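Worksheet: the structure to be examined is printed underneath.
The values are calculated or read from the model by the stated rules, or taken from the named source; none is laboratory data. All figures in this text were calculated on a predicted structure; none of them were measured in a lab. FYI the Cβ positions are ideal-geometry reconstructions off the backbone, even for glycines, and counts take in every protein chain you see. Surface areas here come from the heavy atoms of the whole protein model, side chains and all, with no ligands, DNA or RNA. Shrake-Rupley method; radii C 1.70, N 1.55, O 1.52, S 1.80 Å.
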Amino acid sequence: MKTTLFALTALCLAPAAVAQHVKVNSLGLQPGNPTRLWVCNRDNDSVSVINLTTNAVVAQIPVGVDPRTIAFSTDGTRAFVTNKRGNIQRDANEITGFPAGAQPGTVSVINTSTMAVQTTLAGAGVEPYGVAMAPNGKYFVVGAHRSSTLHFYDAATLVEVARLDYPADLSKITAPLTMADVDANRDGIPDLGSPRGFTIWSDSSKLVVTHHKSPYLSVVNVALNA
């Protein structure tokens, strides 16, 4: 297994002592309200909220197209949902054409009290897949599958503060990288293309990222910098 290190600087990120790491998931318990289970529904573009005491669905919240994963702010007041196709319907493609204002990936920010979408973040890469909140509660990360990017957002302001572009195009390798760096086992698949799931260190200083069709993991070093 190869471990690749990247340096990244984010804004206003102070570490905190938290006992466990955080990983990407398609469902989750709401912090501060463990009887509420939130579930991404890919087929009808919604998020269900289930009361685990009664097993009843208390809300079904419309989000973007093809919601994949969900994360919460540490105080449980917001839920973040990646919409893999953004506002582009499933039957649209390069051949049929895309509508005006097409966004190929978004993040729905839900107010957990009103159980309604508060705002939608565009520009989260192409086909975002994973999202997770750092254990220190200062930032959350979105991994975009198709654009092979990681996007780091300030959890309070929802502003993107950093971005990491993986070397994922074998036809466009820029110096000082070589083919041996980008495709070490020469299988024709970029070693670090298409980020999927990831987990964040308990001290919020690192991410470990899986890559679709690749046998490699990458370790991303997040420099916590005020």
To the nearest 20 debye, what is the magnitude of the charge dipole of the chain about its Cα centre, counting +1 on the Cβ of each Lys and Arg and -1 on the Cβ of each Asp and Glu?
300 debye
Long-range amide H contacts for ALA162: which residues qualify at under 5 Å (H placed 1.01 Å from N, peptide plane, sequence gap of 5 or more or a different chain)?
PHE152
Would you grab the residues whose amide H sits under 5 Å from the one on TYR139? Only those 5+ places off in sequence or on another chain, please, with H modelled 1.01 Å from N.
ALA134, ALA155
Probe 1.4 Å, protein heavy atoms only - accessible area per residue of the chain in square angstrom:
47 Å²
Nitroxide proxy distance, nm - points 7 Å out along Cα→Cβ at ASP203 and THR77:
2.9 nm
For every other residue with a beta carbon closer than 12 angstrom to the beta carbon of PHE152, add +1 if it is Lys or Arg and -1 if Asp or Glu, then tell me the sum.
0
Explain nothing, just compute: Karplus ³J(HN,Hα) = 6.51 cos²θ - 1.76 cosθ + 1.60, θ = phi - 60°, for every residue of the stretch 93-103 in order, whole Hz, x for Gly and Pro.
7, 4, 7, 7, x, 10, x, 4, x, 5, 10
Would you kindly derive the ³J(HN,Hα) couplings of the stretch 134-139 from the backbone phi angles with the Karplus curve 6.51 cos²θ - 1.76 cosθ + 1.60 (θ = phi - 60°), listing them in order in whole Hz, with x for Gly and Pro?
4, x, 7, x, 8, 8
Cross-link reach list, lysines versus LYS138, counting only Cα pairs under 22 Å and skipping chain neighbours closer than eight places
LYS23, LYS206
Under 5 Å between amide hydrogens, which residues at least 5 positions from THR112 or on another chain qualify, with H placed 1.01 Å from N in the peptide plane?
ARG78, ALA79
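Compute, for the stretch 138-226, the length of the dipole vector about the Cα centre, with Cβ point charges of +1 (Lys, Arg) and -1 (Asp, Glu) only. Units Debye, rounded to 20. Mind showing how you got there, number by number?
Working: 8 positive and 9 negative charges, 31 e Å.
The dipole of the stretch 138-226 has a size of about 140 debye.
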Carbon and sulfur together cover what percent of the accessible area of the chain at a 1.4 Å probe radius?
54 percent
Charge-dipole axis of the chain as Lys and Arg at +1 and Asp and Glu at -1 on Cβ define it, positive-most pick from LEU158, CYS40, ASN83
CYS40
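What FRET efficiency do you get for ARG163 and THR35 if R0 is 45 Å and r is their Cβ-Cβ distance, rounded to the nearest 0.05? Could the numbers behind the result be given before it?
Values: r = 37 Å, r/R0 = 0.81.
Given R0 = 45 Å and the Cβ-Cβ separation, E is 0.80.
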